[in-house]
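Notes to accompany the following structure.
Each value in this text was obtained by applying a stated rule to the coordinates, not by laboratory testing. Computed from a predicted structure; not experimentally measured. Cβ: placed from backbone, ideal geometry, glycine included. Neighbour counts: every protein chain shown.
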Amino acid sequence: MRIKRWIATGAVAIATVGALNTLPASAGHPYNPADQSLRNLGLRHDLYMGTAVSMAALNDAADPRYRELVASEFSTVTAENEMKWESLEPTRGTYNWGPADELIAFAKQNNQRVRGHVLVWHNQLPGWLTTGVNDGSITTEQLREILRNHITTVVKHFKGKIWQWDVVNEAVSDPWDTPSTLHYKGFWAQHLGPDYIADAFRWARAADPKALLFYNDYNIEAFGSGDPANDKTQFVYDMAKSLLAQRVPIDGVGSQGHLGTQYGNYDTLQVAAALKKFAGLGLATAFTEVDVRSQLTEAVQNGDSNEINPRLQASAANYSVLLQACLADRHCLSFTVWGFTDKHSWVPNWFGNEGMANIYDENYQPKRAYNLMKGDLIYTGPPYVLPRIPQKPRK
Ligand code: XIL
């Protein structure tokens, strides 16, 4: 009886996939067994495989391989920087849509969906905004109005072209912040109080009723890391639950997935359990910025395979853990890597002596991580991996 019921569910799922194939991203691109790209293998599970895109790299005529691989390997793209506030509105009132629009056109041409990143974040804000707030020329009331206006203008500009919006990014502190008890951190909470989060989702929904609205953060891959009273994943879960109770239109939680091989990290069962718990609230999930960096010791830099091989293997294993967990939950809609090649990665700039974080090396050779991910997409299917269940935007 149980088996029969499961088969019936499977049939419904297959019918759903057929219906999804009429959406723009997969139109004309049903799963094709001859195509072994990540994007095509992802389609077997209706999972969108994505990457962050640097427009400078995409437009570099001397580096054509970058563009080719973005088009051939991925079914969803995220602007690495071009939709952030400082890029879109460097001067107050003057919007620079060019590079972001270009990415949207590229995505359309290549049958890709777009994740919008990001509406509200404390980083990469334009100088006019932070300076104005600091010198008192922008009042709290005006700041709230500026935020409402920004969200409305940006979401309307891209209306109908964005699949998932990261509405609020990284609003929650980490145990190493002060105070160490988890709290809402950063510019927006400081100046507007935590209610800006609910407001942001409501304003985004009013501007585009169809885009899926996500909360996005790092270090929320699993529950139970560290002190149970100070568990960031639990904090985000409680926040999402409370937003839903207030009828705030949040549709999903994005787990960035920035990991390092020097840390403890997780296994597939822990990550799958976290995704399932969020799905239990009626939310979709996604991995939105996956990369797995390593410390570049002197030996690594000198080419010592004793130190390089374990890093490559550990990085690959962590990619695989996150991807398998995503595959295992039917509400995990997409798996995006934060850049795909070590040639263009934010890691060395941001973390100093760390790198080797991506799935292709600096010469565009696929690394073990790429192949492990490919294997995860190939050697999976019913009963544990079933097609995605599409998420309906909350009203
Ligand atoms: C990073 C970009 O990759 C860099 O190019 C930029 O200098 C800083 O921001 N979390 C996020 C992303 O949500 O927007 C960040 O992207 C990486 C961490």
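Observations
- Under 5 Å, built H, 5+ apart or other chain: amide partners of Lys84: Val118
- Estimated FRET transfer efficiency (Asn371, Lys108; beta-carbon r; R0 25 Å; 0.05): 0.25
- When all alpha carbon pairs of the range 243-395 are counted in 5 Å bins from zero, the resulting P(r) reads 2, 9, 17, 21, 17, 13, 10, 7, 3, 1, 1, 0 %.
- DSSP-loop trypsin sites (Lys or Arg not before Pro) across the range 231-267, with at most 15 other Cβ within 10 angstrom: Arg247
- Pair Gln142, Gln36: separation of 7 Å Cα→Cβ label points (nm): 6.0
- The chain: C-alpha gyration tensor shape, a/c 1.5 cut-off, then a/b vs b/c: rounded
- Kirkwood radius and radius of gyration were both taken over the C-alpha atoms of the range 334-395, and their ratio Rg/Rh is 1.14.
- Bridge type composition, the chain - antiparallel percent by DSSP, nearest 5: 10
- Separation of alpha-carbon centers, the range 250-300 and the range 71-106, rounded to whole Å: 25
- Table column - 3J(HN,Hα) (Hz), the range 113-120, Karplus curve with 6.51, -1.76, 1.60, x for Gly and Pro: 8, 10, 8, x, 9, 7, 8, 10
- Our coupling estimate for the range 47-61, obtained by passing each phi through the Karplus curve with A = 6.51, B = -1.76, C = 1.60 and θ = phi - 60°, is 9, 8, 9, x, 9, 6, 10, 8, 5, 4, 5, 4, 9, 7, 5 Hz, Gly and Pro reported as x.
- Amide proton proximity set for Arg113, modelled H, under 5 Å, gap of 5+: Thr76, Val77
- The chain: most fluctuating residue of Ala34, Ala279, Ala325 per GNM, C-alpha cutoff 10 Å: Ala34
- Where only DSSP H runs of four or more residues are counted, the chain gives -13000 deg cm²/dmol as its mean residue ellipticity at 222 nm, each run worth -39500 (n - 2.57).
- For the range 243-395, relative contact order (Cα pairs under 8 Å, six or more residues apart, normalised by length) works out to 28 percent.
- Contact order relative to length of the chain, as percent, for alpha carbon pairs under 8 angstrom and 6 or more apart: 17
- Percent RCO, i.e. relative contact order, over the range 50-118, from Cα pairs under 8 Å lying at least 6 residues apart: 37
- Under the simplified labelling scheme, the His191-Glu298 pair shows an inter-label distance of 4.6 nm, with each label point 7 Å from Cα along Cα→Cβ.
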